[in-house]
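Take a look at the structure below.
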Amino acid sequence: MHDATSRTTRTNLDGSPVGAVAHPNIALIKYWGKRDEQLVLPYSDSLSMTLDIYPTTTFVRPNGGRCDQVILNDAPATGETVARIRRFLDLVRARAGRTEYLTVDTRNTVPTGAGLASSASGFAALTVAAARLYGLDLDSVALSALARRGSGSASRSMFDGYSIWHAGRGNGEEGDRSSYAERINGDALHLALVVAVVETAAKKIPSRDAMRRTVQTSPLYRAWVESSAKDLHTMRAAISRGDVETVGEIAEGNALGVHATMLAARPAVRYISQASLTILDCVAELRESGVGAYATMDAGPNVKIICRHSAADSIAAAIELLGVTRSVLVARPGPGARLLDDEQ
Ligand code: PMV
């Protein structure tokens with residue numbers, strides 16, 4: 001069990017801003033469903049690749065006011081976006097024993113809420129910046145456990161390359177301490193993700209609501225959790241030996257499996273659209289013609305195609321020819337969340 005006991009160090013509460021940058025991650029073994037919604041404790045372990053595209057950059061500074069203010073892409077954020085960030089900052093303040101409210105100025109280059117992991121990069125960057133500002137001295141694993149409370153998938157964006165988020169054991173404090181992410185070695189795996197963006201609007205059903213409905217009503221959910229544990233075990237071995245095809249096959253099965261659990265929820269949660277199906281068909285055809293291409297999808301209609309580095313550009317070109325995408329990008333393993341002054 002990781003000891004997430006926090007020590008405090010120098011704060012940045014003199015008014016100067018603290019900046020951090022983080023990248024989204026895409027799960028190869030999905031996280032779907034919480035056993036504790038408040039603590040964000042998942043039912044199963046998940047495994048992801050941090051991307052080298054779509055960074056989120058976040059600056060925080062004390063505002064001297066009576067509540068936190070949030071500026072998202074140069075405009076004041078409202079509603080649930082702000083409420084969620086305030087709840088998260090309340091938690092960070094409680095940990096640090098501080099009371100000062102902040103202005104959070106965040107710039108997302110990934111479309112927000114479209115199933116492209118904007119909450120992962122967003123909460124990872126915010127965690128790193130706010131922890132420094134309030135003087136919390138946490139290592140990356142402890143930061144991942146804290147980021148988890150903002151958005152589960154954010155825990156994995158703390159690390160470069162590949163990481164596993166452990167579901168942990170038990171509930172309450174035991175669960176909170178045992179559910180964190182850590183980096184795994186993927187040096188042998190030369191994997192790329194072709195990100196096929198078909199929709200940039202925010203999703204109709206937020207992932208939090210969709211997860212709850214799936215857990216509560218889908219008769220397939222338990223079976224997926226069980227098969228996911230086996231998937232993770234087999235995938236770890238495939239990652240260590242650099243076996244892109246096995247990683248891709250397992251990732252595709254795991255993702256389609258989780259979407260099947262959603263389709264069986266009542267009422268159904270359906271993120272797969274016509275455009276997604278067109279791309280899934282193309283991926284299957286590419287594979288029949290001997291190209292190693294495997295699909296994964298998250299809480300939205302966008303499709304990410306897992307392949308070798310060497311095949312990524314030709315797969316991206318084939319997807320573009322379908323005429324159903326807004327953009328097609330090639331991503332490779334990217335860096336973990338970091339303070340901006342770490343770069344100097
Ligand atoms: O952390 P959230 O609430 O954004 O959950 C996202 C879950 C998926 O992206 C669908 C899967 C995953 O493991 O990232």
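Listed here are the residues, each with its yes/no results for (1) over 30 Å from Ser218 (Cβ atoms); (2) modelled with pLDDT of 95 or more; (3) assigned to a helix (DSSP H, G or I).
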| position | (1), (2), (3) |
| --- | --- |
| Pro267 | no, yes, no |
| Ala295 | no, yes, no |
| Gly300 | no, no, no |
| Lys304 | no, yes, no |
| Gly336 | yes, yes, no |
Condition first: hydrophobic (A, V, I, L, M, F, W, C), over 27 Å from Asn302 (Cβ atoms) and either in contact with an Asp or Glu (Cβ under 9 Å, 6 or more places away or on another chain) or within 16 Å of the ligand (Cβ to nearest atom) (or both). Can you find one or more residues in segment 71-88 that meet it? no
Within segment 295-344, the residues that are touching an Asp or Glu at 6+ places or on another chain (Cβ under 7 Å) and aliphatic (A, V, I, L, M) are Ala295, Val328, Val330, Ala331
Give me the pairs, please: first residue somewhere in segment 244-267 and more than 24 Å from Ala312 (Cα to Cα), second residue anywhere and of a type in the set (S, T, N, Q) and assigned to a helix (DSSP H, G or I), beta-carbon distance under 6 Å, and either six or more positions apart or on two chains. Thr261/Thr214; Met262/Thr214; Ala265/Thr214; Ala265/Thr217; Arg266/Thr217
Quick check on my filter: what residues within segment 25-54 are near the ligand (Cβ under 9 Å from one of its atoms) and either aromatic (Phe, Trp, Tyr) or assigned to a loop (DSSP other than H, G, I, E, B) (or both)? Lys30, Tyr31, Trp32, Val40
With the requirement that a residue be away from the ligand (no atom under 14 Å from the Cβ) and among the hydrophobic types (A, V, I, L, M, F, W, C), what does segment 231-249 give you? Ala237, Ala238, Ile239, Val244, Val247
Check on Tyr101, more than 20 Å from Ala299 (Cβ to Cβ) and more than 14 Å from the chain's Cα centre (by Cα): yes
Given the options Ser151, Ser228, Ser178, Ser155, name the one that is buried (at least 16 other Cβ atoms within 10 Å of the Cβ), closer than 28 Å to Gly334 by Cα and away from the ligand (no atom under 16 Å from the Cβ). Ser178
Unique match (being in a loop (DSSP other than H, G, I, E, B) and touching a residue at least 40 places away in the same chain (Cβ under 8 Å)) among Val110, Val128, Val141: Val110
Working carefully through the options Ala265, Ala284, Ala318, Ala275, find the one that is among the hydrophobic types (A, V, I, L, M, F, W, C) and within 16 Å of the ligand (Cβ to nearest atom). Ala265
Of the residues that make up segment 28-35, is at least one surrounded by fewer than 19 Cβ atoms within 10 Å (Cβ to Cβ), under 30 Å from Trp224 (Cα atoms), modelled with pLDDT of 95 or more and within 16 Å of the chain's Cα centre (by Cα)? yes
Filtering segment 306-315 down to residues that are under 22 Å from the mean Cα position of the chain (by Cα) and either of a type in the set (Ser, Thr, Tyr) or not in a helix (DSSP H, G or I) (or both), which residue is farthest from the ligand (Cβ to nearest atom)? Arg308
Quickly run through segment 281-295 and pick out the residues that are of a type in the set (A, V, I, L, M, F, W, C) and surrounded by fewer than 17 Cβ atoms within 10 Å (Cβ to Cβ). Ala284, Val291
Being crowded, with 16+ Cβ neighbours inside 10 Å, free of Cβ contacts under 8 Å to residues at least 24 places away in the same chain and either among the β-branched types (Val, Ile, Thr) or assigned to a strand (DSSP E or B) (or both) narrows it down to one of Val82, Val21, Val70, so name that one. Val82
Could you list, in sequence order, the residues of segment 209-225 that are more than 19 Å from the chain's Cα centre (by Cα), closer than 14 Å to Tyr31 by Cβ and surrounded by fewer than 17 Cβ atoms within 10 Å (Cβ to Cβ)? none
Flag if Val258 is modelled with pLDDT of 95 or more, within 16 Å of the ligand (Cβ to nearest atom) and not acidic (Asp, Glu): yes
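The values are calculated or read from the model by the stated rules, or taken from the named source; none is laboratory data. A quick note: this is a predicted structure, and the numbers were derived from the prediction, not measured. Backbone-built Cβ (ideal geometry, glycine too); neighbour counts: all protein chains shown.
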